[in-house]
Structures are given as structure tokens and as C-alpha cells.
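Some notes on the structure that comes next.
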Amino acid sequence: MADIFLVPVGDGWIEEFRDTVESPVQLDGEQTIEELSDHEEARIWGTTRGGFKQDYYESMEPDDVLLFYSAGEYFATGRVGERFESSGVGEWLWDNPESRFNYTITDFEPVSLSREDLNSLLGYEENHSPQGFLRVSDTARTNLLQRYNSVEAAFQDIRDGGLELEGRDDGKEDDEDEPDDSPREHTEIQWHLVQLGLKHDYEVYVAKNDQNLTYDGRRLADGCMEDLELTGFSDAAMRIIEYVDVIWLDGDYIAKMFEVESTTSVYSGILRMSDFVVKVPNLAVEMHIVASEEDEQKVRREMERPTFQRVMGMPDHSTLRYTSFEEVRKKHQTVQDAGPLQSVF
């Protein structure tokens, strides 16, 4: 089972974090890292010797969970990729050769998780703050497993913003006029995408953590594949694919992938798609970021960022496009009224 590491990022290191983690380090130029010779780019972070930090570092295993902390909240997540020790890398990237205990980060994603919420999940005191790089204790992990079946399940809920916290009070009074089962817009759009796929004879897969959600009294994944049975994909690629909001498949072939963005941030869906392309660069897939019309410009700005442009330029035939909620709704209504379309999107 994966370990969990808490990684504080001090105020003086935020810019460095943006330069080498939020934006991957390019490794195909004059500067190279021997240990990462097979990488064109990588998200890289590190720590120094001191206290138990080196011991924690040496206990890191691939796919362990990373939670990055700054200014009272956990602002990003990822997984451990590869460990390597190099004072030269510390000096090159951060002008600090003491930061020589380095590691790469995979499945990186921004989040917003309060210190208090994570402390509640792990059984820490409410005002506990990580004072240095550390591995979550076995006791804290046991507390987490009292609410989740696995670290993986908790990790995915952290990324989706839906932690299971007993007695949580968000300060809002119940609205008696609104039923408790009123669907979220995110679930509604997923539902339309599922129905469109099924009506056009695709096999449809719904994100692992969303399959039991309901819309209009029906289970979101009714009529869909319960599990993905794809061959030739690495475990890292499958972890990404399993949590894509909706996938349309033509036999064993992934035809279209949809990430629905219904929150103020539109970054995570694009990042998931770009991570998929990095993991499976030779697969041609039509990818859609589905968001409200109000967020269209925000989505397009993110899609045009150089980091994403470099990644999306890798496959010859894959595409990434913006699709509006309204277009999805209209397409589904048209299909309900007139039957399947020659071209859906």
C-alpha cells in the first residue's frame, strides 16, 4: 500500500516549485541529468539532509502519494516517480547543492485542501502544520483507513475535492426548497455524454469514482463498462485513464475522452489529458475539455500554455479541444428527438 509524504514548500521556494514542478524541467537541451537520460522532461523536487528527512527520502517508493503544503493549505498532489541523489542537480535547478536528494513527480495535479481537513482525516491536532518533509506515520494512515478502503481512494477524493469527513460543517444552512439529491452540473454533463456515447454504439466507461453517482434517479454508469480491459498500457497510464470523467471506446480502442470542468479551476482536466499523452505518446485519441461557456476563454488560455502545447504536439493524430456544456446538452436533445448523428463532436 502506498505511503503518504507531506512536502512543505516555503514562501522562498514557491517560484522554484513553479519552475521545476508545476512546469516540467526540459531535459532535451544542453543540460541533462544522467539518471533521467530517457526523459525529455520531468517534474523535479528535492530535499536536504537533516533530521529524519534523508530517512524519509530513502523510504520513498514509486507511486507513493505526495501532498504539497504552503500557506495553510495543501495546494498540489502527485506521486513519486524516480529517486536520485545529485548535488549538481540541486545547484543547477535551485542554486542550492544541498538539495541533492531529488525525485521526480508524476500525476501532478493542483488541489485546494485545508490543513484542518487533512488533519481530521489523519487524526492530527486541528492546528498541526508539517514543519518539514515527512512520511505520514502508520497510526495516521490507520486513521485514514477507518474512512477509506485504501490510500488510493482517499488520494482520488483529495484530487476531486470530496473528502469523507465526519461531522463536517461548512457553515451553510440546509435549503428546504432544494432536494438533497439535486444533481451537480458536473454529473448532469457526464450523464449527457454517457447517453450520447451509448446512442452512437460506443462502449462507454465512467470514471471509477463516479460510477455510482445518480442523475434523474438513474445510476450514472448504467449500461456502461464497469472495468476497463485495455492491453498494452502501463500501470501509471491506467491510473490516469480510470479517472477520466467519460470515455467512449470502439472495441479495444479509445475513441474519445471527456474531462468535465464545472469548478472555477479548469487546469486539472487539461493536466490529466497531457499526462495521458506523456504516458501513451503513440496513441491517437480525440480529447475534449468540457466546460461552461463562461469558462471558454479560461480553458483556451490554459490549452495554449507552452507546457501543454509542447506535450500535445507529441502525438501525430491526437487532438485536444474545448466543448461547451450547452453544445453537449443540445447534441443530446437532438439525438433524443431525431436519432443518432453522423458526427457527434
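The values are calculated or read from the model by the stated rules, or taken from the named source; none is laboratory data. This structure is a prediction, so every number in the text was calculated from the model and none was measured. We place every Cβ from the backbone using ideal geometry, glycine too, and count neighbours over all the protein chains shown.
State all residues of segment 200-225 that are of a type in the set (Lys, Arg) and either closer than 20 Å to residue 154 by Cβ or surrounded by 17 or more Cβ atoms within 10 Å (Cβ to Cβ) (or both); if no residue qualifies, say none.
Residue satisfying the conditions is 208 alone.
Is at least one residue of segment 195-205 in contact with a His (Cβ under 8 Å, 6 or more places away or on another chain), touching a residue at least 40 places away in the same chain (Cβ under 8 Å) and not acidic (Asp, Glu)?
yes
If residue 52 satisfies every condition in (1) more than 21 Å from residue 137 (Cα to Cα); (2) aromatic (Phe, Trp, Tyr); (3) surrounded by fewer than 17 Cβ atoms within 10 Å (Cβ to Cβ) but one, which is the exception?
(1)
Quickly run through segment 135-180 and pick out the residues that are modelled with pLDDT of 70 or more and touching a helix residue (DSSP H, G or I) at 6+ places or on another chain (Cβ under 6 Å). Before you say what the answer is, go through the steps one by one.
Looking only at segment 135-180, we keep the residues that are modelled with pLDDT of 70 or more, and these are 135-148, 150-160.
Matches in segment 135-180: 135, 140, 143, 144, 148, 154.
Assess whether residue 138 counts as being acidic (Asp, Glu) and crowded, with 17+ Cβ neighbours inside 10 Å.
No, not satisfied.
Out of everything in segment 34-54 that is assigned to a loop (DSSP other than H, G, I, E, B) and within 22 Å of residue 9 (Cβ to Cβ), what residue ends up being nearest to the chain's Cα centre (by Cα)?
Within segment 34-54, the match that is nearest to the chain's Cα centre (by Cα) is 48.
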